[in-house]
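See below for the structure under consideration.
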Amino acid sequence: MDTQTLNKLNEITSVGKWKEVESYPNYMVNTDGDVLNKTNGKLLTHHINNGGYKFVRLRINGKPKQLLVHRLVAKAFIPNPDNKPVVNHIDSDRLNPKKSNLEWVTHKENSEHMVNSFRCPNQTLTILLDKMGNEICVFPSRIRCIRYIANRFRIEHGYDEGEAIVEDIEFYTELSPVSRDGRLARLFKLNF
């Protein structure tokens, strides 16, 4: 690395807290979500994927890889003693990858956060239950629950109104007396 690049690198990393990106030793990330290429001293450009999340392109052994910025920040700066799999945006803004806006959560906690922060008066809250009647996830709408079931259990999309995707799923057509935030919820129960 030449002196000019080294000076630039030192100048950038002197402001804020930086850590090396896990498994990518030529890159660093800070608590605001900036990602730095240590080889050339340049900050990487953030791009936005189809899901609305910021990502950067990193290279290791010449192979490019797209990594989500909020996950880089969380892995570097937020302890995860319970090994929770999902990084939640506390303010529900997918474009805000700052450490102060992130937390590790379970899939269920992430679903509940989404439901509680994204209110859709025209959609019916949907709760997915396991065979024993225990809550698995909460969804803001029936269609999101159906998509989750199809993706999670590798079921082909083929849902038609009133028709179950598979025989082992009970779709309750009437709303349950379960109330969350003053709304009734639809229950879907897996029987396997």
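None of the figures in this text is laboratory data; all of them are computed from the coordinates on show. Fair warning: this is a prediction, and the values are worked out from it, not measured in the lab. A quick note on method: Cβ atoms are made from the backbone with ideal geometry, for glycine too, and the neighbour counts reach across all protein chains shown.
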Next on the checklist: Run the simple label-point estimate for Ile48 and Lys131 please: 7 Å along Cα→C-beta, distance reported in nm.
Outcome noted: 4.4
Checklist entry - Exposure proxy check: Thr106, Thr126 ranked by fewest other beta carbons within 10 Å? => result Thr106, Thr126
Item to check | Virtual spin-label span in nm between Ile143 and Thr106, 7 Å along Cα→Cβ | outcome: 2.9
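For Ser23, what charge total do you get from the other residues with a beta carbon under 11 Å from its beta carbon, if Lys and Arg give +1 and Asp and Glu give -1?
Details: positive: Lys65, Lys75; negative: Glu20, Glu22.
Once positives and negatives cancel, what remains is 0.
Arrange Glu103, Glu20 by Cβ neighbour counts within 10 Å, fewest through most, would you?
Numbers: Glu103 18, Glu20 14.
With the fewest neighbours first, Glu103, Glu20 line up as Glu20, Glu103.
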